[in-house]
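The values are calculated or read from the model by the stated rules, or taken from the named source; none is laboratory data. Here the structure is a predicted model, which is why all the values come from computation and not from measurement. Because the Cβ atoms are built from the backbone with ideal geometry, glycine has one as well, and the counts that use them run over all protein chains shown.
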Amino acid sequence: MSLSLQIPMRWGDMDAYGHINNVEIVRILEEARVHAFGPPAGTGLPGVEVELPIFADLPSGIQALVVEHRIKYLSPLHYRNLPARVDIWVSAVKGASFTVAYAIYDAVSGTKCVIAETTLAYFDEAAQRLIRLLPEKKELLQGLLEESNFP
């Protein structure tokens, strides 16, 4: 099951060609993760409640860290004074990591402009090590499981 979000684009996100800059694409991905799954516990709280608190309800000292980004630019994403549609889902759940997948669409043409995936893992700050996903987190993540963007 994917979630569909509206993520605003900013005037300053543009490059000299009127396209959303590649660095800003990563920011859009981050915004989509936070809108879908909540901010990391302890930051920006209180805030909007999310249905799928994959990050927002982590115990103190546990961090959700980015392990890897994969991004493929299919078409330029042009700046619009409208939010971009971002579909987000989970494409893999493993013992100590999970992968979030995205598709970003142009707000006017509906063209799929970007596909991406972010692999994340939970990290115990005190122990300085990755930790395995708890069964309840795995179950929550598997409810969003769909195919990967990448072979």
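With (1) modelled with pLDDT of 90 or more; (2) among the polar types (S, T, N, Q); (3) more than 17 Å from Leu74 (Cα to Cα) as the list, and Asn21 as the residue in question, which single condition is left unmet? Looking at each condition in turn, Asn21 falls short on (3). Of everything listed in (1) at pLDDT 85 or above; (2) farther than 30 Å from Pro151 by Cβ; (3) touching a strand residue (DSSP E or B) at 6+ places or on another chain (Cβ under 9 Å), the single unmet condition for Val66 is (2). Taking the conditions exactly as written (more than 30 Å from Arg10 (Cβ to Cβ), of a type in the set (S, T, N, Q) and surrounded by 14 or more Cβ atoms within 10 Å (Cβ to Cβ)), does Ser97 satisfy them or not? When the stated conditions are applied, Ser97 passes them. Report yes if some residue within the stretch 91-103 is closer than 17 Å to Val23 by Cα, of a type in the set (A, V, I, L, M, F, W, C) and at pLDDT 95 or above; otherwise report no. Taking every residue of the stretch 91-103 in turn, at least one turns out to be closer than 17 Å to Val23 by Cα, of a type in the set (A, V, I, L, M, F, W, C) and at pLDDT 95 or above. With respect to (1) among the polar types (S, T, N, Q); (2) surrounded by 17 or more Cβ atoms within 10 Å (Cβ to Cβ); (3) not in a loop (DSSP other than H, G, I, E, B), the lone exception for Asn149 is condition (3).
So if I check each of Ala64, Ala127, which one is hydrophobic (A, V, I, L, M, F, W, C), free of Cβ contacts under 8 Å to residues at least 60 places away in the same chain, farther than 20 Å from Ser4 by Cβ and in a loop (DSSP other than H, G, I, E, B)? Only one candidate passes the filter, namely Ala127. When Ile28, Ile131 are screened for being at pLDDT 90 or above and under 26 Å from Ala16 (Cα atoms), only Ile28 passes. Quick check on Glu139: is it surrounded by fewer than 17 Cβ atoms within 10 Å (Cβ to Cβ), under 16 Å from the mean Cα position of the chain (by Cα) and on the phi < 0 side of the Ramachandran plot? Considered against the rule, which asks whether it is surrounded by fewer than 17 Cβ atoms within 10 Å (Cβ to Cβ), under 16 Å from the mean Cα position of the chain (by Cα) and on the phi < 0 side of the Ramachandran plot, Glu139 comes out as no.
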